[in-house]
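The block underneath contains the structure these notes are about, expressed in structure tokens.
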Amino acid sequence: MVSLYARLAWTWTRAAAAYPASFALMTVLGIITTTLDVAVILIVFANTTTLAGFSRDEVLFLYGAAGVSFALCDLLVSNIDRVSQHIKAGTFDTFLIRPVSSWLQLTTDRFNPNRLGRVLQAVLVLGYAVAVLDLEGRRLWMIPVMVVTGFVIFAALWTLVGAAQFLLTDAPELGNAFTYGGQQLTQYPLAVYARDLVKGVTYVLPMAFVNWQPGLYVLGRDDPFGTPEFMRFLGPAAALALVLAAGLAWRQGIRHYRSTGS
Amino acid sequence: MIELDRAGRSFKVRRSLVHAVRDLSFTIAPGEFVGYLGPNGAGKSTTIKMLCGILTPTSGTVRVAGLEPSRRRTTLARRIGVVFGQRTTLWWDLPLADSFELIRHLYKVDRNTFRTRLDELTTTLDLGSFIRTPVRQLSLGQRMRGDLAAALLHAPDVLVLDEPTIGLDVVSKAGIRDFLKRLNAERGTTVLLTTHDLGDIERLCRRVMLIDHGQLAFDGTLGDLMATAPDQSDIEEVVSRLYTGSGTA
Amino acid sequence: MFGVLRAYILIALWQARPGLAGYDIADAITYCFVTQAFIAPMQLFGGGLAIPERIRSGDIALDLVRPAPLQAWSFAEDVGRASYLFLVRGIPPMLVGAAVFGVVVPGDPGRWAAFMAGFALAVVVSFGWRYLIALSVCWLIDDRGVAVLSMVLTTFFSGMMLPLHIFPGWLADVARSLPWAAMVQLPTDLYLGKAAVMETLAFQAFWATVLLVLGALATRAIRHKVVIQGG
Ligand SMILES: Nc1ncnc2c1ncn2[C@@H]1O[C@H](COP(=O)(O)OP(=O)(O)OP(=O)(O)O)[C@@H](O)[C@H]1O
Ligand SMILES: [Mg+2]
């Protein structure tokens with residue numbers, strides 16, 4: 001599966017390489033866009049030393065960790081949100097006549113490596129935060145775990161959004177509220193949000209496990225909302241549950257696919 | 001090879017149900033070459049999409065090569081080749097050669113087998129002159145030949161074709177007909193072909209099925225078909241009588 | 001969604017620094033939802049104009065020979081859309097904000113008048129900017145890049161992300177003198193009663209004029225180009 005993904009991605013990369021100027025421009029712009037998010041954090045902390053009890057470097061840590069997960073997902077999975085485009089253009093049928101899962105074909109469809117810039121940017125921020133934060137060595141193992149968990153959660157979320165487009169073919173942008181909204185949500189410590197919202201993103205849509213719960217563990221802090229310690233380790237389980245839901249939804253979406261009239 | 005048992009597919013269109021195909025039953029044995037006829041909107045494309053698993057039937061069962069297409073879609077894909085004349089299954093932005101190479105990986109065809117098959121297809125379908133051209137720049141006839149080659153690179157047992165000769169000139173048409181005939185005769189590939197060009201039927205199909213309003217209106221040999229209207233010798237006339245006749249049913 | 005999340009971040013910031021930039025918490029929340037209401041009518045995330053597509057398809061040649069000048073005609077269309085979007089997509093977030101967080105509603109009719117004038121000018125400035133960006137497709141191959149760049153500049157320097165007043169030192173001064181400030185920051189300040197009315201409107205009018213004049217020049221250049229190339 002991985003080698004097939006790489007093969008498909010590589011074919012599209014070569015197609016994209018036919019337009020090197022556009023590729024370079026989009027890479028740079030991608031970096032600029034995400035860097036502005038960091039700029040906003042820095043501006044906020046030019047005015048205050050703590051936000052909801054978190055220091056600048058702690059916020060950068062949370063931002064960087066979620067950023068790596070999200071940017072990887074943006075690079076590797078986000079193409080799946082073009083389901084409705086394909087349905088409307090009548091090109092979706094093609095994905096269903098190949099002996100490879102439609103999910104794999106869609107996520108690599110028009111794969112463009114120019115989003116790699118954003119991954120690098122997020123890695124730099126995370127690296128900086130880890131370097132300056134003076135974290136306890138015994139907690140560092142959680143960092144790769146949380147990045148992978150976050151990636152899986154975002155990937156499942158994107159798949160759900162793609163699956164929803166089988167039904168909501170005419171309103172594909174509704175899904176952005178979840179994907180890009182999820183990215184926005186995880187940029188800051190959840191401590192800034194209202195308790196009910198945080199409950200929602202902990203127990204309903206498990207965004208809190210992207211970086212918040214495991215991040216609290218890495219930072220060695222208690223949850224201001226008072227969730228028990230074991231919650232810090234539930235990320236992989238939450239991700240798995242979401243993956244199952246996403247897989248089911250995708251399957252249902254395909255079953256309900258009605259093709260086009262001609 | 002292909003088996004439909006009271007298969008049906010309906011679509012909800014603004015609260016009402018459109019029965020594109022209903023209670024359709026037929027069997028196609030391995031090695032047959034079947035023409036699938038019907039007026040516009042009869043349900044031909046819908047049937048074909050059920051055969052390759054694109055559409056899930058809303059009633060009845062469909063079996064192709066012993067598999068239920070909507071459940072075993074990816075397994076079946078290795079054994080079936082599909083061509084939609086109206087729409088390419090190739091990658092729009094990639095050169096034909098890259099598309100073929102991708103197909104090799106998707107279908108896990110080993111390199112040597114792939115080379116032989118591609119060489120053979122390149123010669124018989126005369127792809128050589130445009131194999132490096134991106135699909136978007138191909139003419140209709142070139143693209144159709146590319147699509148045919150793409151559907152056959154994994155040497156499927158069954159080939160279903162939805163209007164493969166649409167919009168082609170007489171020479172291209174003859175080329176494709178010739179190719180399909182040989183494919184069926186030499187390799188024993190089962191072929192199901194929909195078309196509005198009765199010339200395709202006359203030259204290729206031993207058996208003809210005619211569907212109207214989603215239901216089978218005729219199934220028999222080409223001779224049987226002509227016999228339905230003994231006073232006519234022109235197939236166009238015979239078929240149009242069947243279309244209008246069964247249309248009132 | 002965006003507005004709600006941003007509101008919480010601003011609340012957290014103003015809780016840590018009450019009175020920052022002369023806003024109290026209620027002002028900061030109001031800022032958030034007023035600016036949110038601007039997104040659709042001013043198309044702050046880009047787009048809205050059909051020109052890039054028409055340039056690519058070549059239909060622009062037809063537009064240029066119409067009796068109504070391209071700029072005036074696009075402007076009329078844009079203003080129409082802006083008013084419509086303000087009603088359907090601008091008012092609801094305000095109401096949501098008011099219901100969930102409570103927003104400041106000015107009682108003074110003079111302030112409403114100032115705000116409406118500022119909002120109208122902001123729509124003009126936004127059109128002027130997007131019109132230039134749209135025409136740039138004519139000279140640049142990759143219009144997607146320009147669109148992204150425009151979106152990034154607009155969201156950041158208009159005050160859409162954070163009020164420009166809390167930008168550090170010189171950055172705040174620079175940001176406040178750029179045209180984007182006239183789109184979001186200034187009309188919102190008029191709403192909150194935090195800006196000198198006449199000066200603010202004059203500043204917005206200045207940028208509106210500059211952008212419209214540049215747009216007119218660009219229209220002439222593109223007509224020239226299309227005529228020379230034969231469409
Ligand atoms: N995705 C769909 N949604 C709604 N109705 C559909 C859909 N696909 C097909 N139909 C309807 O089903 C019926 C059969 O369509 P189908 O495409 O199978 O006809 P056909 O026999 O292939 O016709 P043609 O010769 O014109 O290609 C038509 O009435 C069509 O309107
Ligand atoms: Mg059809």
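The values are calculated or read from the model by the stated rules, or taken from the named source; none is laboratory data. Note that this is a predicted model, so its numbers are computed, not measured. We place every Cβ from the backbone using ideal geometry, glycine too, and count neighbours over all the protein chains shown. Calculation scope for accessible area: heavy atoms of the full protein, side chains included, ligands and nucleic acids excluded. Shrake-Rupley method; radii C 1.70, N 1.55, O 1.52, S 1.80 Å.
Mind listing just one residue for me: the one in segment A:228-262 that is more than 16 Å from ligand 2 (Cβ to nearest atom) and not in a helix (DSSP H, G or I) and, of those, nearest to the chain's Cα centre (by Cα)? Among residues in segment A:228-262 that are more than 16 Å from ligand 2 (Cβ to nearest atom) and not in a helix (DSSP H, G or I), the one nearest to the chain's Cα centre (by Cα) is A:234. Scanning for something within 8 Å of another protein chain (Cβ to nearest Cβ) and open to solvent by less than 50 Å² (accessible area, probe 1.4 Å), does segment B:58-67 turn up at least one residue? No, segment B:58-67 has no match at all. Of all residues in segment B:71-83, those satisfying the criterion of being more than 7 Å from chain A (Cβ to nearest Cβ) and in contact with a helix residue (DSSP H, G or I) (Cβ under 8 Å, 6 or more places away or on another chain) are B:80, B:81, B:83. Against the conditions (1) more than 11 Å from residue A:246 (Cβ to Cβ); (2) touching a Leu at 6+ places or on another chain (Cβ under 6 Å), residue A:186 satisfies every one except (2). The condition (being open to solvent by less than 10 Å² (accessible area, probe 1.4 Å), in a helix (DSSP H, G or I) and of a type in the set (A, V, I, L, M, F, W, C)) is satisfied by just one residue among C:135, C:121: C:135.
Report, by residue number, each residue of segment B:163-193 that is open to solvent by 10 Å² or more (accessible area, probe 1.4 Å), within 16 Å of ligand 2 (Cβ to nearest atom) and at pLDDT 90 or above. Selection gives B:163 alone. Flag: residue A:196 does not match the condition of being among the acidic types (Asp, Glu) and not in a helix (DSSP H, G or I). If a residue has to be closer than 20 Å to residue A:55 by Cβ and surrounded by 18 or more Cβ atoms within 10 Å (Cβ to Cβ) to count, how many in segment A:112-134 make the cut? The total comes to 5.
Find the residue count for segment B:118-140, including only residues that are in a helix (DSSP H, G or I) and more than 18 Å from residue B:171 (Cα to Cα).
6
The condition (being open to solvent by 50 Å² or more (accessible area, probe 1.4 Å), out of contact with any Ser or Thr (no Cβ under 9 Å at 6 or more places or on another chain) and more than 10 Å from ligand 1 (Cβ to nearest atom)) is satisfied by just one residue among B:87, B:79: B:79. Among the residues of segment C:151-168, those that are at the interface with chain A (Cβ under 9 Å from one of its Cβ atoms) and assigned to a helix (DSSP H, G or I) comprise C:151, C:152, C:155, C:156, C:166. Name the residues in segment C:181-208 that are within 16 Å of the chain's Cα centre (by Cα) and either over 14 Å from residue C:119 (Cβ atoms) or small (Gly, Ala, Ser) (or both), would you? Answer for segment C:181-208, where residues must be within 16 Å of the chain's Cα centre (by Cα) and either over 14 Å from residue C:119 (Cβ atoms) or small (Gly, Ala, Ser) (or both): C:181, C:182, C:203, C:205, C:206, C:207, C:208. Listed conditions (1) crowded, with 19+ Cβ neighbours inside 10 Å; (2) of a type in the set (A, V, I, L, M); (3) over 16 Å from the mean Cα position of the chain (by Cα) are all met by residue B:34, apart from (3). Taken over segment B:1-18, the criterion of being in contact with a strand residue (DSSP E or B) (Cβ under 6 Å, 6 or more places away or on another chain) and either away from ligand 2 (no atom under 16 Å from the Cβ) or among the β-branched types (Val, Ile, Thr) (or both) is satisfied by B:1, B:2, B:3, B:4, B:5, B:6, B:7, B:8, B:10, B:17, B:18.
The criterion of at least 1 residues that are more than 24 Å from residue B:27 (Cβ to Cβ) and within 19 Å of the chain's Cα centre (by Cα) is met by the following helices (runs of 4 or more DSSP H) wholly inside segment B:155-249: B:170-182, B:198-204. Do the conditions hold for residue A:95, that is, is it in contact (Cβ under 8 Å) with a residue 40 or more places away in the chain, at negative phi and either open to solvent by 10 Å² or more (accessible area, probe 1.4 Å) or of a type in the set (Phe, Trp, Tyr) (or both)? No; evaluated as a whole, the condition is false for this residue.
Give, as residue ranges, the helices (runs of 4 or more DSSP H) completely inside segment C:1-66 that count at least 2 residues that are open to solvent by 50 Å² or more (accessible area, probe 1.4 Å) and more than 12 Å from every other protein chain (Cβ to nearest Cβ). Spell out how you get there, then give the answer.
Values: elements: C:2-16, C:25-42, C:51-57, C:60-64.
Hits in segment C:1-66: C:51-57.
Restricting segment B:6-28 to residues that are out of contact with any Phe, Trp or Tyr (no Cβ under 9 Å at 6 or more places or on another chain) and surrounded by fewer than 15 Cβ atoms within 10 Å (Cβ to Cβ), the residue that is nearest to residue B:79 (Cα to Cα) is B:27.
Yes/no matrix, rows are residues, columns are (1) within 12 Å of residue C:125 (Cα to Cα); (2) in a helix (DSSP H, G or I):
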position: C:176; (1), (2): no, yes
position: C:180; (1), (2): yes, yes
position: C:194; (1), (2): no, no
position: C:200; (1), (2): no, yes
position: C:203; (1), (2): yes, yes
position: C:206; (1), (2): yes, yes
position: C:209; (1), (2): yes, yes
position: C:212; (1), (2): yes, yes
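Looking across segment C:127-150, just one residue is of a type in the set (Asp, Glu) and more than 9 Å from chain A (Cβ to nearest Cβ), and that is C:143. Taking the criterion of being β-branched (Val, Ile, Thr), within 9 Å of another protein chain (Cβ to nearest Cβ) and either under 24 Å from residue C:166 (Cβ atoms) or open to solvent by less than 30 Å² (accessible area, probe 1.4 Å) (or both), the residues of segment A:11-58 that qualify are A:11, A:32, A:33, A:40, A:43, A:44, A:48, A:49, A:50. Among the residues of segment A:227-262, the ones that are under 16 Å from residue A:86 (Cβ atoms), among the β-branched types (Val, Ile, Thr) and surrounded by 18 or more Cβ atoms within 10 Å (Cβ to Cβ) come to 1 in all. Among the conditions (1) modelled with pLDDT of 95 or more; (2) not in a helix (DSSP H, G or I), the only one that residue A:213 does not satisfy is (2). Among residues of segment A:199-210 being out of contact with any Ser or Thr (no Cβ under 9 Å at 6 or more places or on another chain) and assigned to a loop (DSSP other than H, G, I, E, B), the one that is nearest to the other protein chains (Cβ to nearest Cβ) is A:205. The single residue among B:155, B:217 that is open to solvent by 20 Å² or more (accessible area, probe 1.4 Å), touching a helix residue (DSSP H, G or I) at 6+ places or on another chain (Cβ under 6 Å) and touching a residue at least 24 places away in the same chain (Cβ under 8 Å) turns out to be B:217. Within segment A:184-209, residues that are without any contact (Cβ under 8 Å) to a residue 12 or more places away in the chain sit with their Cβ atoms under 7 Å from residues that are surrounded by 21 or more Cβ atoms within 10 Å (Cβ to Cβ) and not hydrophobic (A, V, I, L, M, F, W, C), at 6+ positions apart or across chains, in these pairs: A:193/C:8; A:194/C:8.
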